[in-house]
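The values are calculated or read from the model by the stated rules, or taken from the named source; none is laboratory data. None of the values given here were measured: they were computed from a predicted structure. For neighbour counting, all protein chains shown are included, and Cβ atoms are generated from backbone atoms with ideal geometry for every residue, glycine included.
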């Protein structure tokens, strides 16, 4: 993933979908000193927390006119499953199922169950480069060979037309959520390639079900497999000591937050910092930076986001099968439109991605750059007043790539080799232009049910008659 090769297909300003045009190279080499005011306080264990007000963060010099980054991670969809029918991208209408061509059909709002998407499933789907093993598990055939279209997810298509869509953006790890969420915040998984084993849950006093993959995981003999640089496989506990980009930002007086489901809410196990020892076990530090995702819209409306914000939703709004893609779309739309309405818009870059392929077919073989990845393609939307309109970006990227943007914008050292070796996405923007007014995407995806927390049950019209669904959270 060389950082000096920037390939893009960019669109015109035609009101219709921009037509892809010539690859072009945009590189700017500049540096800016980092300065800013910092307020200090100490935790109970002596660790120094740098509490930075939003105004101080916004005043900190940056390489580009971006003072805030919002990095959103949804769940379990391949690029082809979300954008395979979008004009100008590398999509597929025909899939390969064990050497046989099969049509890729329109996906329903809900799937009847989840698809295999652990590290073993990646190896099966990849099948030594044949890309024909996606039909495994109870639901792989036919549901892995489905795709959404514009009528189902209209705002994603609006953002792709008006801003930028990356169609060679890959999951960082060739496996499921746990390692990829670490890449989301740190540019490394600590060698993790899979989700933790032997995880159980417990009931909280308020009746909620608590489940975690991190330092507070419940279960006997909980572990996760990790690989070293030589490919040796060993067991590791689910609490890691690598440094994160958030901690780097604290070191230069730049504020950050991570919005996620709270303990007892489905989706809490995606709160990646609960697997980072030095953050999780410092409660004052944790409380200074980790926020409930239900508070996100309120904070956006108050223009109260810090300089860098990471976001993962509740499970039912995450796009994770079998849950509704429409409700996830509508939730993301609310977040993006709220940022656009706020005073923060003119200095903000929003990155929206999905954490891994979820078992869905994709026709592009992922590059293998080390022992952990890359995984299959996932979508990345880049939304900003400086984004090049209608750009279809085919530069190879992964979850460390927006972290490289953050590092270069605020003058951070490159925390990991992955961050150092990727590009910084500057080619996706035109910072020489004046900030553009927002293009709101206000369509609402049609939903079968009146609440995202309901389940369709037997008889849902998107499934064949008699289908018995599984895997829905009660």
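Looking at (1) modelled with pLDDT of 95 or more; (2) in a loop (DSSP other than H, G, I, E, B), find the lone condition where residue 427 falls short.
Just one mismatch for residue 427, condition (2).
Could you tell me which residue of the stretch 134-147 is farthest from residue 88 (Cα to Cα), considering only residues that are crowded, with 22+ Cβ neighbours inside 10 Å and in contact with a helix residue (DSSP H, G or I) (Cβ under 6 Å, 6 or more places away or on another chain)?
Out of the qualifying residues, it is 135.
Identify the residue in the stretch 352-373 that is surrounded by fewer than 24 Cβ atoms within 10 Å (Cβ to Cβ) and touching a strand residue (DSSP E or B) at 6+ places or on another chain (Cβ under 8 Å) and, among all such residues, is modelled with the lowest pLDDT. Explain how you work it out, then say what you get.
Our first condition is that a residue be surrounded by fewer than 24 Cβ atoms within 10 Å (Cβ to Cβ); within the stretch 352-373, this holds for 352, 363-371.
In the following step, the residues that additionally are touching a strand residue (DSSP E or B) at 6+ places or on another chain (Cβ under 8 Å) were identified as 352, 363-364, 366-367, 371.
On the way: 352: 98, 363: 98, 364: 98, 366: 98, 367: 97, 371: 94.
Top of the filtered list is 371.
So that you can scan it fast, the table gives a plain yes or no per residue for (1) in a helix (DSSP H, G or I); (2) touching a strand residue (DSSP E or B) at 6+ places or on another chain (Cβ under 6 Å); (3) free of Cβ contacts under 8 Å to residues at least 12 places away in the same chain:
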site: 278; (1), (2), (3): yes, no, no
site: 285; (1), (2), (3): yes, yes, no
site: 291; (1), (2), (3): no, yes, no
site: 316; (1), (2), (3): yes, no, no
site: 323; (1), (2), (3): no, no, no
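Let me confirm something: among 303, 262, which residue is in a loop (DSSP other than H, G, I, E, B), farther than 28 Å from residue 194 by Cα and in contact with a helix residue (DSSP H, G or I) (Cβ under 9 Å, 6 or more places away or on another chain)?
Details: 262 fails: farther than 28 Å from residue 194 by Cα.
Step by step, each of 303, 262 is checked, and only 303 is in a loop (DSSP other than H, G, I, E, B), farther than 28 Å from residue 194 by Cα and in contact with a helix residue (DSSP H, G or I) (Cβ under 9 Å, 6 or more places away or on another chain).
Among the residues of the stretch 378-403, write down those that are touching a strand residue (DSSP E or B) at 6+ places or on another chain (Cβ under 9 Å) and either without any contact (Cβ under 8 Å) to a residue 12 or more places away in the chain or part of a helix (DSSP H, G or I) (or both). Give the derivation first.
Here is the first cut: in the stretch 378-403, the residues touching a strand residue (DSSP E or B) at 6+ places or on another chain (Cβ under 9 Å) are 378-399, 401-403.
Passing the criteria: 401, 402, 403.
Can you say whether residue 195 is surrounded by 14 or more Cβ atoms within 10 Å (Cβ to Cβ), under 18 Å from the mean Cα position of the chain (by Cα), in contact (Cβ under 8 Å) with a residue 60 or more places away in the chain and farther than 22 Å from residue 472 by Cβ, as far as the supplied structure shows? Step through it out loud before you land on a result.
Working: surrounded by 14 or more Cβ atoms within 10 Å (Cβ to Cβ): yes; under 18 Å from the mean Cα position of the chain (by Cα): yes; in contact (Cβ under 8 Å) with a residue 60 or more places away in the chain: yes; farther than 22 Å from residue 472 by Cβ: no.
Criteria not met by residue 195.
Of these, 462, 373, 466, 457, which one is part of a loop (DSSP other than H, G, I, E, B) and closer than 30 Å to residue 191 by Cα?
Details: 462 fails: closer than 30 Å to residue 191 by Cα; 466 fails: closer than 30 Å to residue 191 by Cα; 457 fails: closer than 30 Å to residue 191 by Cα.
On inspection, the qualifying residue turns out to be 373.
What about residue 101, is it surrounded by fewer than 22 Cβ atoms within 10 Å (Cβ to Cβ), without any contact (Cβ under 8 Å) to a residue 12 or more places away in the chain and either farther than 26 Å from residue 368 by Cα or over 24 Å from the mean Cα position of the chain (by Cα) (or both)? Before you say what the answer is, go through the steps one by one.
Values: surrounded by fewer than 22 Cβ atoms within 10 Å (Cβ to Cβ): yes; without any contact (Cβ under 8 Å) to a residue 12 or more places away in the chain: yes; either farther than 26 Å from residue 368 by Cα or over 24 Å from the mean Cα position of the chain (by Cα) (or both): yes.
Against the criterion (surrounded by fewer than 22 Cβ atoms within 10 Å (Cβ to Cβ), without any contact (Cβ under 8 Å) to a residue 12 or more places away in the chain and either farther than 26 Å from residue 368 by Cα or over 24 Å from the mean Cα position of the chain (by Cα) (or both)), residue 101 qualifies.
Would you mind stating whether residue 350 is over 15 Å from the mean Cα position of the chain (by Cα) and at negative phi? Walk me through it before giving the result.
Values: over 15 Å from the mean Cα position of the chain (by Cα): no; at negative phi: yes.
Taking the combined requirement at face value, the residue does not satisfy it.
Is it the case that residue 267 is on the phi > 0 side of the Ramachandran plot and modelled with pLDDT under 95? Spell out the reasoning first.
On the way: on the phi > 0 side of the Ramachandran plot: yes; modelled with pLDDT under 95: no.
Judged against the criteria, residue 267 is not a match.
Give me a count of the residues in the stretch 226-254 that are more than 27 Å from residue 289 (Cα to Cα) and over 22 Å from the mean Cα position of the chain (by Cα).
Qualifying residue count for the region: 9.
Yes or no, residue by residue, for (1) under 16 Å from residue 185 (Cα atoms); (2) touching a residue at least 12 places away in the same chain (Cβ under 8 Å); (3) in contact with a helix residue (DSSP H, G or I) (Cβ under 7 Å, 6 or more places away or on another chain); (4) buried (at least 21 other Cβ atoms within 10 Å of the Cβ):
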{"site": "224", "(1), (2), (3), (4)": "no, yes, yes, yes"}
{"site": "231", "(1), (2), (3), (4)": "no, yes, no, no"}
{"site": "251", "(1), (2), (3), (4)": "yes, yes, no, no"}
{"site": "258", "(1), (2), (3), (4)": "yes, yes, yes, yes"}
{"site": "271", "(1), (2), (3), (4)": "yes, yes, no, yes"}
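Kindly indicate the residue of the stretch 404-424 that is out of contact with any strand residue (DSSP E or B) (no Cβ under 8 Å at 6 or more places or on another chain) and assigned to a loop (DSSP other than H, G, I, E, B) and also nearest to residue 79 (Cα to Cα) among those meeting that condition.
Ranking the qualifying residues of the stretch 404-424, first place goes to 424.
I'm trying to understand the selection: among the residues of the stretch 176-216, which are touching a strand residue (DSSP E or B) at 6+ places or on another chain (Cβ under 9 Å) and at positive phi?
190, 191, 198
Consider the stretch 221-253. How many of its residues are over 20 Å from residue 420 (Cβ atoms) and assigned to a loop (DSSP other than H, G, I, E, B)?
So the count comes out to 10.
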